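Asker: Please see the structure below; I have some questions.
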Amino acid sequence: MPISLITLENVIREAGAIALTHFKNLKHLEITKKSPRDLVTEADVAVEAFLQQALAEHYPQYGFWGEESGHSASQTQRWIVDPIDGTHSFTRGQYFWGISVALEIDGELVFGAVYAPALNDYYSAKKGEGAWKNGEPIKVSNESNLGDAMISTGFACLRSYLKDNNLQRFCRIAEVTTGQRRFGSAAVDLCLVADGQVDAFWEQELNLYDVAAGALIALEAGATVTDFQGNEGVFPKQILATNGKILSQILALM
Ligand code: IPD
Ligand code: CA
Ligand code: CA
């Protein structure tokens, strides 16, 4: 059965309404730690449970891989879901967090949506058919000078206590760019590259559910998505998305 973009948007927006209910009642939000620096809340669990049930109802032929519940059924044709990307921000009442839903068919990302309910922004893309924000087509920025660029990054590597913790890389690039941001949601970061709000985003030690939807949205908006050596592809452990025009300049500093 072909996927209906309208059906998917309705399902994902309903998931957003569930998340917002918890977001508006943070003082009673149950929060647990998956690891010393990794949180999960009842909102993450509730949103993922809703998405798993609703997507199975509409598209029983696809399997499901969610950050909080793991893998179920077919993993060759599956939904890849991060119910709340940016949980830490969510728990503090900040607005940069998103619901990330991707469809992967035989290893190829064919649909992606990232809904940021607190920002009321819905980003989506279908392979080969472009990227949209709130129903309008979007594309990457035209900035071609790294010195005038705005970049964003994240520090999952700090959570993983990695030796390469991104701090020296960040300082090298911060020194030569005009703007630097750490928004707190890799899924939303990738959409901001797609929308031309930032010119490049990179992060290490992520998982496919963090980046699958956002990477497709960025690619369909004209971004490059590579590892830190410039190899094209979606590599969650080392992802770099750029507007293409500053790729060679930023690779030289990665
Ligand atoms: C996190 C966000 C954050 C990134 C973390 C991720 P989560 O996702 O994407 O930007 O820096 O490494 O874990 O844990 O809130 O789903
Ligand atoms: Ca995540
Ligand atoms: Ca998450």
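Asker: If I ask for residues that are in a loop (DSSP other than H, G, I, E, B) and open to solvent by less than 10 Å² (accessible area, probe 1.4 Å), which ones from region 188-205 would you list?
Answerer: Answer for region 188-205, where residues must be in a loop (DSSP other than H, G, I, E, B) and open to solvent by less than 10 Å² (accessible area, probe 1.4 Å): just V198.
Asker: If you don't mind, another one. Looking at (1) surrounded by fewer than 20 Cβ atoms within 10 Å (Cβ to Cβ); (2) over 16 Å from I12 (Cα atoms); (3) more than 11 Å from ligand 1 (Cβ to nearest atom), which one does E104 not meet, given that it meets all the others?
Answerer: So E104 meets the others, but not (1).
Asker: Quick check, is S160 touching a residue at least 12 places away in the same chain (Cβ under 8 Å), open to solvent by 40 Å² or more (accessible area, probe 1.4 Å) and of a type in the set (G, A, S)?
Answerer: yes
Asker: Filter region 58-77 down to residues that are more than 13 Å from ligand 2 (Cβ to nearest atom), under 23 Å from D38 (Cβ atoms) and of a type outside the set (F, W, Y), then give me how many there are.
Answerer: So the count comes out to 4.
Asker: Hey, can you tell me all the residues within region 149-192 that are in contact with a Ser or Thr (Cβ under 7 Å, 6 or more places away or on another chain) and farther than 22 Å from R92 by Cα?
Answerer: Within region 149-192, A149, M150, I151, N166, F170 qualify.
Asker: What about G244, is it surrounded by fewer than 23 Cβ atoms within 10 Å (Cβ to Cβ), within 25 Å of R78 (Cα to Cα) and small (G, A, S)?
Answerer: Here the answer is no, as G244 does not meet what is asked.
Asker: Quick check on region 25-37. Is at least one of its residues in a strand (DSSP E or B), over 16 Å from I99 (Cβ atoms) and touching a Lys or Arg at 6+ places or on another chain (Cβ under 8 Å)?
Answerer: yes
Asker: I've got another one for you. Do you know which residues across region 26-74 are open to solvent by less than 40 Å² (accessible area, probe 1.4 Å) and free of Cβ contacts under 8 Å to residues at least 12 places away in the same chain?
Answerer: The answer is G70, and nothing else.
Asker: I need the full set of residues from region 188-214 which are closer than 13 Å to Y123 by Cβ and away from ligand 3 (no atom under 16 Å from the Cβ), in order please.
Answerer: Hits for region 188-214 are L192, V193, A194, D195, G196, Q197.
Asker: Quick one: which of S89, S124, S100, S141 is hydroxyl-bearing (S, T, Y) and more than 24 Å from R182 (Cβ to Cβ)?
Answerer: S124 is the lone residue from the list that is hydroxyl-bearing (S, T, Y) and more than 24 Å from R182 (Cβ to Cβ).
Asker: Among the residues of region 166-187, which ones are open to solvent by less than 30 Å² (accessible area, probe 1.4 Å) and away from ligand 3 (no atom under 16 Å from the Cβ)? Show your work before the answer.
Answerer: Residues of region 166-187 open to solvent by less than 30 Å² (accessible area, probe 1.4 Å): 166, 169, 173-174, 177, 179, 184-187.
Hits for region 166-187 are N166, R169, I173, A174, T177, G179.
Asker: Okay, next question. Among the numbered conditions (1) without any contact (Cβ under 8 Å) to a residue 12 or more places away in the chain; (2) of a type outside the set (D, E); (3) assigned to a helix (DSSP H, G or I), tell me where F235 comes up short.
Answerer: Checking F235 against (1) without any contact (Cβ under 8 Å) to a residue 12 or more places away in the chain; (2) of a type outside the set (D, E); (3) assigned to a helix (DSSP H, G or I), the one that fails is (3).
Asker: If A54 satisfies every condition in (1) modelled with pLDDT of 95 or more; (2) touching a helix residue (DSSP H, G or I) at 6+ places or on another chain (Cβ under 6 Å); (3) under 30 Å from L158 (Cα atoms) but one, which is the exception?
Answerer: (3)
The values are calculated or read from the model by the stated rules, or taken from the named source; none is laboratory data. Here the structure is a predicted model, which is why all the values come from computation and not from measurement. Here the Cβ is made from the backbone with ideal geometry for all residues, glycine too, and neighbour counts use every protein chain on show. Just so you know, the surface numbers come from the protein's heavy atoms only, side chains and all, with ligands and any DNA or RNA stripped out. Shrake-Rupley method; radii C 1.70, N 1.55, O 1.52, S 1.80 Å.
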